[in-house]
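Q: Dropping a structure here in structure tokens format, bear with me for questions.
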Number of protein chains: 6
Amino acid sequence: MKISARNRLKGKVVEVTKGATTAHVRIDVGGSVVTASITNEAVDELGLKVGDNAYAVVKASDVMVAID
Amino acid sequence: MKISARNRLKGKVVEVTKGATTAHVRIDVGGSVVTASITNEAVDELGLKVGDNAYAVVKASDVMVAID
Amino acid sequence: MKISARNRLKGKVVEVTKGATTAHVRIDVGGSVVTASITNEAVDELGLKVGDNAYAVVKASDVMVAID
Amino acid sequence: MKISARNRLKGKVVEVTKGATTAHVRIDVGGSVVTASITNEAVDELGLKVGDNAYAVVKASDVMVAID
Amino acid sequence: MKISARNRLKGKVVEVTKGATTAHVRIDVGGSVVTASITNEAVDELGLKVGDNAYAVVKASDVMVAID
Amino acid sequence: MKISARNRLKGKVVEVTKGATTAHVRIDVGGSVVTASITNEAVDELGLKVGDNAYAVVKASDVMVAID
């Protein structure tokens, strides 16, 4: 599947924490850790676990810009 | 200002394209280019231009995970 | 690529309208038309045009529920 | 109330799962099941339960497009 | 229609600016001006114009928290 | 940090409820209560508690408009 989302950052899963319905998955992308809040079901369906290669994917309209 | 958004990726602005109301700002974060779709007003208010240091900021609930 | 987004509705592209930076793509999914607002670049990269098979993809945290 | 969100898919609630703070509501819209991640409070306020008629509502800027 | 979105701020439309595909609507909610980026089609369908009563509606998962 | 998000509503925290992974923070902004669904980690990092001054921050593309 090819998706329209502009941002696909390749990395490695460093943490998977399941909650009651919502899981947090942390992906190390070149030294920065990106946190994704996704459903527990998605974690199961993708079989996500620490050490896996994975992408953090973000739609351009969900990215903000900040300056110091 | 300190913000709750979990993801703040530091980089450098490599492109600013204004549309009629919506601008696209591209930030190089460690070799990956992140595209942000923000308002023209935000570009003006932050004075964003190519070469500036900037952060791509994303709320954790807006990050998806993908695998090959 | 397999993505964590829970919602992938299969359909056919019925309209592609490009703006200055933002495009609107309409996909007929079983009789309902879903509108996606994505970047012009995504339209070009995916080569989207009327009549193509396509999926409308939505993260679960972006879906609201309404009743009459 | 009339809302600007472009996408309102009519269906029937097929599952309501409450978590600690976040609930998952699944709505069958013409054979496809759409998952919504909303607050427990919203589930209570709308009185959502299996079998109810409901709409899955999505803002156009939260819809992505994918192709095979 | 009753919607699950937790945040409905009542106010008055103070500006409507249409772009090529995306419009900006500004709503004064008790002295603060909220900017909404919505489709031109939504502006037309709701017939939004300066002086109208309107609500700014936001899903709880799209609200961040910041401190000074 | 200055952020591109157009909407920053100043108020006071009136409730903090942590779930398994996701917290709900309610901020009174001039008499209206805004609900934010953020990660437990963000609550801890910002040290959010009832009575604190805080801003509800929302990207313009996440604001919808509704009329009665």
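Just so you know, all these numbers are worked out from the coordinates, no wet-lab data involved. Note that the structure is a prediction, hence the values are computed from the model and not measured. Note: ideal-geometry Cβ built from the backbone for every residue, glycine included; neighbour counts use all protein chains shown.
Q: What net charge do the residues around F:SER32 carry, taking every other residue with its C-beta under 10 Å from that of F:SER32, with Lys and Arg at +1 and Asp and Glu at -1? It would help to have the intermediate numbers written out before the result.
A: Values: positive: E:ARG8, E:LYS10; negative: F:ASP28.
Local charge sum for F:SER32: +1.
Q: Mind checking the dipole of the protein assembly as shown: about its Cα centre, +1 per Lys or Arg Cβ, -1 per Asp or Glu Cβ, Debye to the nearest 20? The partial results should precede the final answer.
A: Numbers: 54 positive and 48 negative charges, 0 e Å.
That gives the protein assembly as shown a dipole magnitude of about 0 debye.
Q: Between copies, how far apart are the A:ASN53 label points? List them in nm, one decimal, shortest first, with each point 7 Å from Cα toward Cβ, please?
A: For A:ASN53, the other copies' label points sit at 2.7, 3.4, 5.0, 5.0, 5.8 nm, shortest first.
Q: Rounded to whole Å, give me the distance from the Cα center of segment C:8-29 to that of segment A:15-68.
A: After rounding, the separation between the Cα centres reads 27 Å.
Q: Right, something else. Out of every Cα pair in chain C, what percent are spaced more than 15 Å from each other? Mind dumping the intermediate values first?
A: On the way: 1278 of 2278 pairs.
Within chain C, distances greater than 15 Å cover 56 percent of Cα pairs.
Q: Using Cα pairs under 8 angstrom and six or more residues apart, how large is the relative contact order of chain E, in percent?
A: 40 percent
Q: Continuing with this model, one more query. In the calculated pair distance distribution of the protein assembly as shown, what percentage of Cα-Cα distances lie above 32 Å?
A: Numbers: 22450 of 83028 pairs.
Result: 27 percent of Cα pairs exceed 32 Å.
Q: Which entries of E:LYS18/F:LYS10; A:LYS59/E:LYS12; D:LYS10/F:LYS18; E:LYS59/F:LYS18; A:LYS59/E:LYS59; D:LYS12/D:LYS59 have Cα-Cα distances beyond 24 Å here?
A: Working: E:LYS18/F:LYS10 28 Å; A:LYS59/E:LYS12 30 Å; D:LYS10/F:LYS18 32 Å; E:LYS59/F:LYS18 18 Å; A:LYS59/E:LYS59 17 Å; D:LYS12/D:LYS59 20 Å.
Correct reply: E:LYS18/F:LYS10; A:LYS59/E:LYS12; D:LYS10/F:LYS18.
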